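A.B. asks: Supplied in structure tokens, the structure appears directly below.
The values are calculated or read from the model by the stated rules, or taken from the named source; none is laboratory data. Because the structure is a prediction, the values reported are computed rather than measured. No Cβ is skipped: glycine too gets one built from the backbone with ideal geometry, and neighbour counts run over all protein chains shown. SASA here: full protein model, heavy atoms, side chains in, ligands and nucleic acids out. Shrake-Rupley method; radii C 1.70, N 1.55, O 1.52, S 1.80 Å.
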Amino acid sequence: AKSAIFADSADYSKSTIIPGASEQLSLTLFARTNYLEMGLISDIKNNHNWKELSLKDIPRLSFSVKSEDFSSVLGDFYESRNINYLSNRNVRGGKIDVYYQLPWSAKKSTVSAFYGRIEKEVIKGEKEFGSYQKLKTIGTYQRNAGGLFTGFGLMDNLSLNLSGLFGKDDDNVATLSTKAPLQNMVVGGNFEYQPFGNLLKFYGDAYSSKTE
């Protein structure tokens, strides 16, 4: 059937079923006191109907609080500790970093913990957000992960890092995935020693994975 909405009509831009029609809202708010910095960042894009928009379709929404002694974030954040811990992942959840100093060292130490979603579930047959009349053909599980990281500044030129990570697929959603849900645990650590400043560095790491 021929559409009653023409490209040169006044109602063309108001239609929610036109390919490519979208609205985007980006919001950034910052506040600062003598001791704290706070920020709220959001990127919201709608390609269909605002009433159909759900939290899982929002690309980024995060609230952070920082000071000299700690930093925390609730919502979406980027985690990139190292390739054996969790490498270059967008996480939706919560994270806190606490900074302290050992009495005999000028180098800061860190304790960090996080938990959240590192992979979004994909339900087979569901409408693909951001694409016009396109359905998802492959289902995947939501993957959640939690981790603990401790970095010790033992001396000015010596640091020791210990970490543990646990990840598990959420099989409570009927994704119609052809693969079985997975889970794994990784523990390990690494050290850095610079006896002559930046001229020479010794580095070593060891990690153990429960599966492979």
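A.B. asks: Among the residues of segment 103-125 satisfying the criterion of being among the small types (G, A, S) and over 13 Å from T140 (Cα atoms), which is surrounded by the fewest Cβ atoms within 10 Å (Cβ to Cβ)?
C.D. replies: Ranking the candidates gives A106 first.
A.B. asks: Run down F152, F166 and say which single residue is modelled with pLDDT of 85 or more and within 26 Å of K201 (Cβ to Cβ).
C.D. replies: F152
A.B. asks: What pairs can you find where one residue is in segment 103-121 and under 15 Å from L55 (Cα atoms), the other is of a type in the set (S, T, N, Q) and not in a strand (DSSP E or B), and their Cβ atoms are less than 6 Å apart, with a gap of 6+ or different chains?
C.D. replies: Close Cβ pairs satisfying both conditions: E121/T175.
A.B. asks: One residue is enough: does segment 126-133 have a residue meeting the conditions at pLDDT 70 or above and either surrounded by fewer than 19 Cβ atoms within 10 Å (Cβ to Cβ) or part of a loop (DSSP other than H, G, I, E, B) (or both)?
C.D. replies: yes
A.B. asks: Under 9 Å by Cβ, and 6 or more places apart or on different chains, what pairs join a residue from segment 152-163 that is touching a residue at least 60 places away in the same chain (Cβ under 8 Å) with one that is among the aromatic types (F, W, Y)?
C.D. replies: S163/Y85; S163/F149; S163/Y207
A.B. asks: So, one more: Starting from residues that are β-branched (V, I, T) and loosely packed, with under 10 Cβ neighbours inside 10 Å, keep the ones in segment 176-212 and report whichever is modelled with the lowest pLDDT.
C.D. replies: By that ranking, first place goes to T178.
A.B. asks: Does Y100 qualify as being assigned to a loop (DSSP other than H, G, I, E, B), open to solvent by less than 80 Å² (accessible area, probe 1.4 Å) and either touching a Leu at 6+ places or on another chain (Cβ under 9 Å) or at pLDDT 90 or above (or both)?
C.D. replies: no
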